[in-house]
Amino acid sequence: MTRIRCYWGWVAAAIAFRILLICFPKNLNLGSRPEVATPLTSLRRLAEGYWLKQASMSPYAGSMYHGSPLLLSILGPFTITRSEGQPAYFYCSLMFVIVDFVTAMLIRATGQKLMLKCHQSLQFLNLSKLVEASGNVEAGNFASLVFLWNPLTIVTCVGSTTAPIDNLMAVLAIYGACSCLAPLAAFGWVIATHLSLYPAILIVPLILLLGHGPDAPPLKLFQQKNNSASGSSPSSHSHTKSTQTGIQIDYFSWRPVLHFLLWASIWSCYVLVLSSISLKGLGGLLEMFKKTHGFILTVVDLSPNIGVLWYFFAEVFDFFRNFFLIVFNMNILFMLLPLAIRLKHRPCFLAFVYLAISSMLKSYPSVGDSALYLGLLGLFANELAGMQFSFFLFCGYIGVSLLSPVMHNLWIWRGTGNANFYFATGIAYACLQTVLIVESVSTMLKYDRMLRKHITT
């Protein structure tokens, strides 16, 4: 196994680099970039909402703040705290550095659990050569370093945006499900859904994780191995256990799933009660849902971002607006069931695919969304080692990251371009994400077919 040398040194360097950028004057003005901050995650909008709340007004008055009232109570006091000689939101940025570190450690722990399950599964299938190959890279350490050193993650951390908290909650839910900790998984899922709505689709891979366990080869391979070893017919297999590895091959278990749903209901009630207390006399829960989740679904704010919906709804006739809102919002849901059926034996990878799809199709995307799924992509470095177009995708992400600010500057500030310049980078960004999703899924399926070929031969 190839170990990453000086792992903790790289982690410490990533944290130090973030702190250095935070102390840079005006934080490089990243908080005003449409690629970094959105109407949902902008810390400047949160500060405005907190000011309204302190003035005994609804934080959702006007059209500035569209986030959770719980974030106002947690981050609001830090937005008004100033240190002499320090940039604005200095303490919030320091908190986001800690959040990034915790997220990376959760990704690392998730990778370790996935590698352990992978080794046990391959040993049970007597694929000793693949056991050695599957450990070429320590997936947990590699994925956590990819997350920490990803420029998109760094920009999100120091760019005055609350996206690091959204990412932490999503990773916390995945880690809790991998560890079979239903209360922790339910907490992460409820908070992530409350903050940005789209992580609600993660309930499918979370249920599969709790019911089936972490990623493993298809169940048919284990059944085929048992049948060939015992000489029994395919219809006679049942719940069996390997005496060599201790792997129990069983079907879906509903007990942890019901435990998860119970805790999700409890955490949801807590969130609603706390939100109601926070907004007492300032509008209530109905206005909160209208200004947060309703704001997401109706795409009210058409300010430019790295997505494609803002341009489309700026051009579409109002008569067709509701129809296309339904089409675009349902487009994500249409993909859930087919992917869940095909990748039900790899729920962690399914979670990565869901996050990548939502990042591509959500109404207010940012680079923080890409930072999350690219970090999770590192968890499958061994399985996706043969993925095609890796160099093309790498260069494409760099090109879009460099061209997007340039096109925005030509359009908004210099006046030598138009909206099509910036929208072109958004289309290129969506195409890159589409290629990444298709290639990663096809490579994972080829890996499963390769395992089946080794079993039959």
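The values are calculated or read from the model by the stated rules, or taken from the named source; none is laboratory data. Quick caveat, the model's predicted, so the values are computed rather than measured. Cβ sites come from the backbone with ideal geometry, for glycine too, and all protein chains shown count toward neighbours. Accessible surface is based on the protein model in full, side chains and every heavy atom, while ligands, DNA and RNA are left aside. Shrake-Rupley method; radii C 1.70, N 1.55, O 1.52, S 1.80 Å.
Using beta carbons and a limit of 9 Å, which pairs, at least six apart or on different chains, have the first residue in segment 148-168 and without any contact (Cβ under 8 Å) to a residue 60 or more places away in the chain and on the phi > 0 side of the Ramachandran plot and the second one open to solvent by 10 Å² or more (accessible area, probe 1.4 Å) and not in a helix (DSSP H, G or I)?
Hits for this filter: zero, empty list.
Being surrounded by fewer than 17 Cβ atoms within 10 Å (Cβ to Cβ) and farther than 24 Å from Phe96 by Cα is the filter here, so list the residues in segment 50-78 that pass it.
Ala55, Ser56, Met57, Gly62, Ser63
Scan segment 302-347 residue by residue and report those that are of a type in the set (D, E, K, R), in a helix (DSSP H, G or I) and surrounded by 11 or more Cβ atoms within 10 Å (Cβ to Cβ).
Hits for segment 302-347 are Arg321, Arg342.
Pick from segment 1-27 the residues that are of a type in the set (A, V, I, L, M) and open to solvent by 80 Å² or more (accessible area, probe 1.4 Å): which of them is modelled with the highest pLDDT?
Ranking the qualifying residues of segment 1-27, first place goes to Leu20.
Give the residues of segment 148-168 that are open to solvent by 20 Å² or more (accessible area, probe 1.4 Å) and within 18 Å of Ile74 (Cα to Cα), sorted by residue number.
Ile165, Asp166, Leu168 - these are the residues of segment 148-168 that are open to solvent by 20 Å² or more (accessible area, probe 1.4 Å) and within 18 Å of Ile74 (Cα to Cα).
How many of the residues in segment 119-138 are modelled with pLDDT of 70 or more, among the acidic types (Asp, Glu) and open to solvent by 40 Å² or more (accessible area, probe 1.4 Å)?
Final tally of qualifying residues: 0.
Filtering segment 390-439 down to residues that are open to solvent by 50 Å² or more (accessible area, probe 1.4 Å) and among the hydroxyl-bearing types (Ser, Thr, Tyr), which residue is nearest to Lys362 (Cα to Cα)?
In this case the residue turns out to be Thr434.
Condition first: aliphatic (A, V, I, L, M) and within 16 Å of Met64 (Cβ to Cβ). Now tell me which residues in segment 280-294 satisfy that.
Leu282, Met288
So which of Leu350, Leu279 ends up being surrounded by 13 or more Cβ atoms within 10 Å (Cβ to Cβ), farther than 23 Å from Val441 by Cα and either modelled with pLDDT under 90 or in contact with a helix residue (DSSP H, G or I) (Cβ under 8 Å, 6 or more places away or on another chain) (or both)?
Working: Leu350 fails: farther than 23 Å from Val441 by Cα.
Criteria check complete, one pass: Leu279.
Under 9 Å between Cβ atoms, which residue pairs at least 6 apart in sequence (or on different chains) link something in segment 57-76 that is among the acidic types (Asp, Glu) with a partner that is assigned to a loop (DSSP other than H, G, I, E, B) and at pLDDT 90 or above?
From residues that are among the acidic types (Asp, Glu), there are no pairs.
Name the single residue, out of those in segment 170-187 being buried (at least 24 other Cβ atoms within 10 Å of the Cβ) and hydrophobic (A, V, I, L, M, F, W, C), that is nearest to Leu350 (Cα to Cα).
Ile174
So Met450 clears everything in (1) under 22 Å from the mean Cα position of the chain (by Cα); (2) open to solvent by 50 Å² or more (accessible area, probe 1.4 Å); (3) more than 15 Å from Asn305 (Cβ to Cβ) except one condition, right? Which one?
Condition (1) is where Met450 drops out.
Looking at Leu286, is it open to solvent by less than 20 Å² (accessible area, probe 1.4 Å) and free of Cβ contacts under 8 Å to residues at least 60 places away in the same chain?
It is false that Leu286 is open to solvent by less than 20 Å² (accessible area, probe 1.4 Å) and free of Cβ contacts under 8 Å to residues at least 60 places away in the same chain.
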